[in-house]
Amino acid sequence: KGELSEGKKKANALHAEIKDLEKQIYSTEVELNNLQIEINSAKAQISTTLNELAVLEDEISEQNEDLNARLRAMYKNGEVGTLAVLLGSADMSEFMTNMDMLERIYQSDMDLLEQLQDQHDVVIDKKMELQALKDGLLAKQRVVSEKQSGLESNKGLVAGKKAEIDKDNAMLQSQVDALNAEADALIDKIRAMQGGGSYIGGQMKWPSAASTRISSPFGTRSDPFT
């Protein structure tokens with residue numbers, strides 16, 4: 001019984017340890033779910049950023065194509081060439097006007113390209129930032145997954161130990177039950193031996209030969225003297 005009592009204490013302690021591990025496993029599952037939500041959000045942001053990048057790249061490509069087409073036309077057509085425009089001025093006033101017009105066109109193209117380049121850089125930086133966030137979340141997810149696997153493994157080991165102790169406890173309980181049954185059988189045998197058999201003594205006598213009168217029958221006396 002002492003061994004069984006100790007075994008039950010160990011089983012209860014292991015059961016408590018299993019419950020604690022289950023709580024930790026549940027906590028890691030919640031953490032993993034939250035990380036997955038963050039990862040999905042990061043993926044959505046990256047996807048949106050990539051779409052924005054694609055639109056900006058198309059705009060840059062279109063502006064570049066327009067600029068290149070204008071430069072090719074200026075190169076091929078002498079009448080609208082830069083030098084032709086300047087030399088075709090009727091006077092100095094028109095020359096300055098044409099020069100200002102060409103500078104404005106050039107500056108407009110440069111400003112547009114610079115603006116698009118800035119937007120492109122911002123999107124690239126944002127993309128890299130989101131990618132770094134995603135990579136960090138994935139790394140953290142791997143760590144938490146490994147932690148969860150370790151907890152599951154520990155739970156399996158503790159459950160195995162508890163199963164062994166439960167098996168030993170069942171065997172001890174069976175032994176205790178068998179011994180109790182044997183004790184009960186011996187008690188019944190002893191009682192049978194004590195209560196059985198015939199009386200082999202002499203004739204029953206009154207305790208006192210001087211009198212056979214019962215002066216105080218069974219029950220409570222109202223007066224011990226009368």
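The numbers here are math on the coordinates, done by the rules we state, and not lab data. Keep in mind that what you see is a predicted model, and the values were worked out from it rather than measured. Using ideal geometry, Cβ is built from the backbone for each residue, glycine included, and neighbour counts are taken over all protein chains shown.
Data table
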item	result
In nm, spacing of pseudo-spin labels at Asp109 and Ser149 (7 Å Cα→C-beta vector)	5.9 nm
FRET E, pair Asp135, Asn64, Förster distance 25 Å, beta-carbon r, rounded to 0.05	0.15
Calculated FRET value between Lys8 and Ala178, using beta carbons and R₀ = 22 Å, to 0.05	0.75
Candidate lysines for bridging to Lys10, where Cα separation is under 24 Å - those fewer than 8 sequence places away on the same chain excluded	Lys1, Lys19, Lys23, Lys155, Lys161, Lys162, Lys167
